[in-house]
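Below is one structure, written out as structure tokens, with a few remarks after it.
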Amino acid sequence: KRKRAREQPGIAFRTDARIRECLKKILPFRPTAAQKRALGEIVEDMRAPRPMHRLLQGDVGSGKTIVALQAAVIAIENGYQVALMAPTEILAAQHFYYFRRLLERSGYAPVLLTGSAGARDKRAVKKLLQEGAAQIAIGTHALVEEDVEFKALGLVIVDEQHRFGVMQRLRLMRKT
């Protein structure tokens, strides 16, 4: 299965000086050596023309989310959308507010999609994703619903992936 997965065509993201400058402007601090190393490995995978399957591990507070945010910016700067799926609405909301705060000056538009959102709000978010007006969709299992469509999904991030079923993760990845 792994060999077949590596043979599948994927997106070869570009990373250049402009994208590096964009990342520096977004970050409110200098990344640690470990965060730089993790991002470097992710960037290497993102440059390859095949799908990336990577598990980022670290202690609570070690900066996994900031590494994920940087990977998201690379995808967005390449013209793609990003989906970040969290196992609970509380965690999805935390990610949403954190991403929104860090990205507010960049002009990127994150949206939040959870099961408890009202029908009107869900329709509005789904429309933004389908039209490509929202670059980052942060949410719960609501992201895998059949009627959630992306204009150009290029990166899927699953937080606490062990809390989702294999089929849920696959359903979200197939939206790319």
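The values are calculated or read from the model by the stated rules, or taken from the named source; none is laboratory data. Since the structure is predicted, the reported quantities are computational estimates derived from the model, not experimental observations. Cβ: placed from backbone, ideal geometry, glycine included. Neighbour counts: every protein chain shown. Keep in mind that these areas ignore ligands, DNA and RNA; they rest on the heavy atoms of the full protein, side chains included. Shrake-Rupley method; radii C 1.70, N 1.55, O 1.52, S 1.80 Å.
Annotations
- Every pair of residues 6+ apart whose Cβ atoms lie under 7 Å, when the first sits in the stretch 85-112 and is in contact (Cβ under 8 Å) with a residue 24 or more places away in the chain and farther than 15 Å from ALA134 by Cβ while the second is open to solvent by 50 Å² or more (accessible area, probe 1.4 Å) and part of a helix (DSSP H, G or I): PRO87/ARG163
- Residue that is modelled with the lowest pLDDT, among those in the stretch 75-107 that are in a loop (DSSP other than H, G, I, E, B) and surrounded by fewer than 18 Cβ atoms within 10 Å (Cβ to Cβ): ARG105
- Inter-residue pairs, beta-carbon under 7 Å, first at pLDDT 85 or above and in the stretch 23-43, second among the charged types (D, E, K, R), 6+ apart: ILE42/ARG54
- Scanning the stretch 2-22 for residues that are assigned to a helix (DSSP H, G or I), at pLDDT 85 or above and among the hydrophobic types (A, V, I, L, M, F, W, C) yields ALA17, ILE19, CYS22.
- Members of the stretch 149-163 that are at pLDDT 90 or above and out of contact with any strand residue (DSSP E or B) (no Cβ under 7 Å at 6 or more places or on another chain): GLU149
- Checked against the criterion of being of a type in the set (Val, Ile, Thr) and under 13 Å from ILE157 (Cα atoms), the stretch 15-24 contains not a single residue that satisfies it.
- Of the residues making up the stretch 62-74, at least one is more than 27 Å from VAL148 (Cα to Cα), crowded, with 18+ Cβ neighbours inside 10 Å and at pLDDT below 90.
- If the condition is being in a helix (DSSP H, G or I) and aliphatic (A, V, I, L, M), then the stretch 108-126 contributes ALA119, ALA124, VAL125.
- Look at the stretch 116-137: where a residue is more than 18 Å from SER106 (Cβ to Cβ) and a partner is in a helix (DSSP H, G or I), sitting 6+ places away or on another chain with Cβ atoms under 7 Å, you get SER116/GLU89.
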